[in-house]
Amino acid sequence: MTDSDPATSERPASETTPEQTRRETPGGGVRPTADSIEPAAPAEFGLVQAWWGGGKGKTTAALGMAFRAAGHGYRVHVLQFLKGGADSVEGVRGEYNAIAAVPGISYENTGHYGWHGLLDGSDDDEHLAKARGALARAEEILSGAADADLTEPLDLDGDLTDGVHLLVLDEVLYAVDQGLLDESDILDLLEQKPDSLELVLTGSHTEPTYLLDSADLVTEVRKVKHPFDRGVRARKGTEY
């Protein structure tokens with residue numbers, strides 16, 4: 001128990017000033033000043049993360065890490081599989097606008113309109129072609145990273161083939177679930193990953209057991225309750 005200011009402790013809560021309230025919170029109400037974003041290199045990157053499960057938040061978690069890394073001046077890229085759009089989602093998602101405003105982070109969407117296997121009028125062969133094309137793009141980015149010195153800062157506006165510190169392959173695990181990619185395709189990507197690159201894989205409602213020996217972090221995002229189950233469609237600002 002800590003000593004308090006007698007004048008403050010005797011004053012009714014209704015008379016406590018905002019400044020006194022801030023002072024008495026953990027941390028004293030201090031907000032750290034943000035630094036400008038300058039090119040830097042991570043000291044401890046190099047792990048493989050996999051985020052899967054039937055709950056909402058896999059992409060959200062990956063994007064949170066991507067923005068956090070970019071905020072430290074690391075070069076980051078988000079490569080999205082399958083998310084080509086749907087009638088419930090606008091073409092430009094909120095993360096695209098935010099990514100465009102932050103130095104060092106970039107994105108590509110390689111999906112085909114609709115969702116593979118849902119009989120929504122989209123062409124399943126086109127989904128397959130797009131997924132294979134995204135896989136080839138991922139291999140190209142990994143090849144560039146392998147040739148770069150990831151222990152050094154990278155140009156925040158540099159070409160992806162010049163290296164990235166963190167690569168997010170969003171929904172790539174769903175592409176495996178849908179039969180558009182093979183488990184061996186993912187394991188081959190992990191073999192190609194340079195030691196200092198942090199690689200994040202998301203997607204799949206089915207546990208990617210084939211990754212358990214290779215990934216350093218495997219997190220299940222479990223659904224307890226979801227508004228979609230009562231007919232609430234994707235909402236702007238939360239789901240896209």
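The values are calculated or read from the model by the stated rules, or taken from the named source; none is laboratory data. Remember, it's a predicted structure, so these values are computed and weren't measured experimentally. We place every Cβ from the backbone using ideal geometry, glycine too, and count neighbours over all the protein chains shown.
Here are a few things to note about the model shown:
- All of GLY237, GLY179 fail the test of being not assigned by TED's automatic domain parsing to the domain that holds THR161 and not β-branched (Val, Ile, Thr), apart from GLY237.
Table: residues versus (1) loosely packed, with under 13 Cβ neighbours inside 10 Å; (2) without any contact (Cβ under 8 Å) to a residue 40 or more places away in the chain; (3) in contact with a Cys (Cβ under 6 Å, 6 or more places away or on another chain); (4) outside any helix (DSSP H, G or I).
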site	(1), (2), (3), (4)
PRO32	yes, yes, no, yes
GLY46	no, no, no, yes
ALA50	no, no, no, yes
MET65	no, no, no, no
HIS77	no, no, no, yes
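- Residue within region 61-73 that is hydrophobic (A, V, I, L, M, F, W, C) and modelled with pLDDT under 90 present: no
- Candidate set: region 207-240, residues that are surrounded by 13 or more Cβ atoms within 10 Å (Cβ to Cβ) and small (Gly, Ala, Ser); chosen: the one farthest from TRP51 (Cα to Cα): ALA234
- Considering residues of region 195-240 that are among the aliphatic types (A, V, I, L, M) and either without any contact (Cβ under 8 Å) to a residue 12 or more places away in the chain or outside any strand (DSSP E or B) (or both) only, the residue farthest from ALA41 (Cα to Cα): VAL232
- For region 143-174, a residue qualifies if it is part of a loop (DSSP other than H, G, I, E, B), surrounded by fewer than 19 Cβ atoms within 10 Å (Cβ to Cβ) and free of Cβ contacts under 8 Å to residues at least 60 places away in the same chain, and the qualifying residues are ASP149, ASP157, ASP159.
- LEU190 assigned to a helix (DSSP H, G or I), among the hydrophobic types (A, V, I, L, M, F, W, C) and modelled with pLDDT of 95 or more: yes
- Selection from region 207-240 of residues that are at pLDDT 95 or above and polar (S, T, N, Q): THR209, SER214, THR219
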